[in-house]
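> My questions will all concern the structure given below.
The values are calculated or read from the model by the stated rules, or taken from the named source; none is laboratory data. Bear in mind that the values here come from a model prediction, so they are computed numbers and not experimental data. Every residue, glycine among them, receives a Cβ derived from its backbone with ideal geometry; neighbour counts consider all protein chains shown. Remember, those area values only see protein heavy atoms, side chains included, never the ligands or the DNA or RNA. Shrake-Rupley method; radii C 1.70, N 1.55, O 1.52, S 1.80 Å.
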Amino acid sequence: MTIIVTGGAGFIGANFILDWIEATGEPVVNLDKLTYAGNPDNLASLAGDDRYTFVQGDIGDSALVSNLLERHRPRAIVNFAAESHVDRSIHGPDDFIQTNVVGTCNLLAAARAYWESLPEPEHSAFRFLHVSTDEVYGSLEMGDDPFTETHPFAPNSPYSASKAASDHFVRAWHHTYGLPVLTTNCSNNYGPYQFPEKLIPLIIHNALAGKPLPIYADGQNVRDWLYVSDHCSAIRRVLEDGRLGETYNIGGWNELNNLEVVNTVCQLLDELQPDSAGSYSRLIAFVEDRAGHDRRYAIDARKIERELGWKPAESFETGIRKTVRWYLDHADWVGRVTSGEYRQWIDRHYRAEA
Ligand code: NAD
Ligand code: TYD
């Protein structure tokens, strides 16, 4: 048995593949375009492991995807591939439309043709799991109830609009063609291998470099934070026993505003790597707000707990401590990512073979 993971060289996909192979031992084919966010270094520990195959390519390349499905005959596709950074989507939405919407539709079409060709029992066992975000639901006011799976979609950024569109297409492929799909909508992840453009790794990186810690507006925007390995275990549970055509919200029950998150990171750095110039919190700088910045996201994760018995293993306190330690212990990884050295590595290893 094999699964295909798309976008597995990114933050969550890489954590998912590492955890998957450890937890199940089942082979994985990773299809990743290696955009700026894709870093094969994240999976260096799997070099030489015959349970892991890397293929550089685009989910929008129908011929390539069909060929991979025929060759590897996976029992499931887990779709992480996406443009994922809200700020980038504000400055350039085109790639978000292309990968998140058009790319996902191409993947669905190829998956459908493959699934329809499968004999039993493979046909009934096949799954297409689409990894999505809580941002499709839009923004909550402070007193509002957290998002349930039936909350109306109201995306506000080009990123969340493109993910919402992809979720709708996944749903449509199930209702129209019967494709056995599952969708997960998760809150903000943090943990190892996150590209330092997102809040938590950016703050750790800037603090250690003595640079300002940029907080948009008043720092009161609220997110629900989930340690990445908890997201990975939730996806494994949904893949195993999720009901076809259903969506599952995944969250950590950890609502915090951005100032609280940044202060927690500073306190941990003060403890683990004190700076003689004083607390890292001295570097906090309130900067201009993000355009259309959603005020609050919060996840009601009771459905996945009730139906599949999933609960996060980490609290924010335990997860953020592990995360800060990981970045301190992997300064070489951060250095290669922030200097762009990993791009040269990709060029040497993959472009030459293309
Ligand atoms: P990421 O940006 O770190 O990684 C995305 C990966 O997809 C990269 O390896 C990139 O090279 C690859 N990719 C991009 N375009 C591609 C294409 N056309 N074909 C093949 N590969 C392509 O993103 P992430 O944070 O790991 O997020 C993964 C998924 O989880 C995304 O779908 C995102 O919407 C979703 N999600 C993320 C979060 C979060 O907090 N990061 C929360 C909920 C859901
Ligand atoms: P981010 O990590 O980009 O995730 P998302 O926008 O998908 O939630 O941002 C998390 C929160 O942190 C969000 O409210 C925006 C805020 N933020 C800052 O205040 N400063 C920053 O430099 C960044 C990148 C984000």
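> For the condition out of contact with any Asp or Glu (no Cβ under 7 Å at 6 or more places or on another chain), of a type in the set (Gly, Ala, Ser) and at pLDDT 95 or above, what is the one hit in Ala9, Ala14?
Answer to the check: Ala14.
> Within region 96-115, can you find the residues that are within 20 Å of Thr133 (Cα to Cα) and either buried (at least 21 other Cβ atoms within 10 Å of the Cβ) or out of contact with any helix residue (DSSP H, G or I) (no Cβ under 8 Å at 6 or more places or on another chain) (or both)?
Answer for region 96-115, where residues must be within 20 Å of Thr133 (Cα to Cα) and either buried (at least 21 other Cβ atoms within 10 Å of the Cβ) or out of contact with any helix residue (DSSP H, G or I) (no Cβ under 8 Å at 6 or more places or on another chain) (or both): Phe96, Gln98, Thr99, Asn100, Val102, Gly103, Thr104, Leu107, Leu108.
> Can you report the number of residues in region 187-212 which are crowded, with 16+ Cβ neighbours inside 10 Å and more than 8 Å from ligand 2 (Cβ to nearest atom)? Let's see the steps before the verdict.
From region 187-212, those crowded, with 16+ Cβ neighbours inside 10 Å are 187-208; that's our starting set.
When the remaining residues are screened for being more than 8 Å from ligand 2 (Cβ to nearest atom), the result is 187, 189-196, 201, 204-208.
Total meeting the criteria: 15.
> How about region 116-150: which of its residues are surrounded by fewer than 20 Cβ atoms within 10 Å (Cβ to Cβ) and either basic (Lys, Arg) or within 14 Å of Leu182 (Cβ to Cβ) (or both)?
Ala125, Phe126, Glu149
> Looking at Asp224, Asp230, which one is within 13 Å of ligand 1 (Cβ to nearest atom), surrounded by fewer than 24 Cβ atoms within 10 Å (Cβ to Cβ) and not in a loop (DSSP other than H, G, I, E, B)?
Exactly one of Asp224, Asp230 is within 13 Å of ligand 1 (Cβ to nearest atom), surrounded by fewer than 24 Cβ atoms within 10 Å (Cβ to Cβ) and not in a loop (DSSP other than H, G, I, E, B), namely Asp230.
> Consider only pairs whose beta carbons are under 9 Å apart and that are at least six residues apart or on different chains; among these, list those whose first residue lies in region 64-81 and is over 17 Å from Lys163 (Cα atoms) and whose second residue is at pLDDT below 95.
Pro74/Met1; Arg75/Met1; Ala76/Met1
> Restricting to region 247-294, name every residue that is surrounded by 16 or more Cβ atoms within 10 Å (Cβ to Cβ), among the charged types (D, E, K, R) and touching a strand residue (DSSP E or B) at 6+ places or on another chain (Cβ under 8 Å).
Passing the criteria: only Glu255.
> In this structure, is Val222 within 14 Å of ligand 2 (Cβ to nearest atom), of a type in the set (Val, Ile, Thr) and under 22 Å from Val131 (Cα atoms)?
Taking the combined requirement at face value, the residue satisfies it.
> Let me ask something else about it. Looking at region 175-186 only, could you name the residues that are open to solvent by less than 40 Å² (accessible area, probe 1.4 Å) and away from ligand 2 (no atom under 16 Å from the Cβ)?
Passing the criteria: Gly178, Leu179, Pro180, Val181, Leu182, Thr183.
> Here are the criteria: (1) hydrophobic (A, V, I, L, M, F, W, C); (2) touching a Cys at 6+ places or on another chain (Cβ under 9 Å); (3) at positive phi. Tell me which single one Trp253 does not satisfy.
Among (1) hydrophobic (A, V, I, L, M, F, W, C); (2) touching a Cys at 6+ places or on another chain (Cβ under 9 Å); (3) at positive phi, Trp253 violates only (2).
> To continue, here is another question. Do we have any residue at all in region 174-186 that's more than 24 Å from Asp241 (Cβ to Cβ) and either in contact (Cβ under 8 Å) with a residue 24 or more places away in the chain or part of a helix (DSSP H, G or I) (or both)?
yes
> A further question follows. Scan region 98-113 and report the pairs whose first residue is more than 16 Å from Glu83 (Cα to Cα) and more than 9 Å from ligand 1 (Cβ to nearest atom) and whose second residue is aliphatic (A, V, I, L, M) and part of a helix (DSSP H, G or I), with Cβ atoms within less than 7 Å and a gap of 6+ or a chain change.
Leu108/Val170; Ala110/Val65; Ala110/Leu69
> So, of the residues in region 42-88 that are open to solvent by less than 30 Å² (accessible area, probe 1.4 Å) and closer than 16 Å to Tyr342 by Cα, which turns out to be farthest from ligand 1 (Cβ to nearest atom)?
Leu43
> Follow-up. Can you pull out every residue in region 1-49 that is among the aliphatic types (A, V, I, L, M) and within 16 Å of ligand 2 (Cβ to nearest atom)? Walk me through how you get there before you give the answer.
At the first step, the residues of region 1-49 found to be among the aliphatic types (A, V, I, L, M) are 1, 3-5, 9, 12, 14, 17-18, 21, 23, 28-29, 31, 34, 37, 43-44, 46-47.
Residues satisfying the conditions are Ile12, Ala37.
> Let me ask you something else. Mind checking which residues of region 87-146 are among the acidic types (Asp, Glu) and closer than 26 Å to Tyr297 by Cα?
Matches in region 87-146: Asp87, Asp94, Asp95, Asp134, Glu135, Glu141, Asp144, Asp145.
> Next question, about the same structure. Do we have Glu197 as within 14 Å of ligand 1 (Cβ to nearest atom) and at pLDDT below 95 here?
yes
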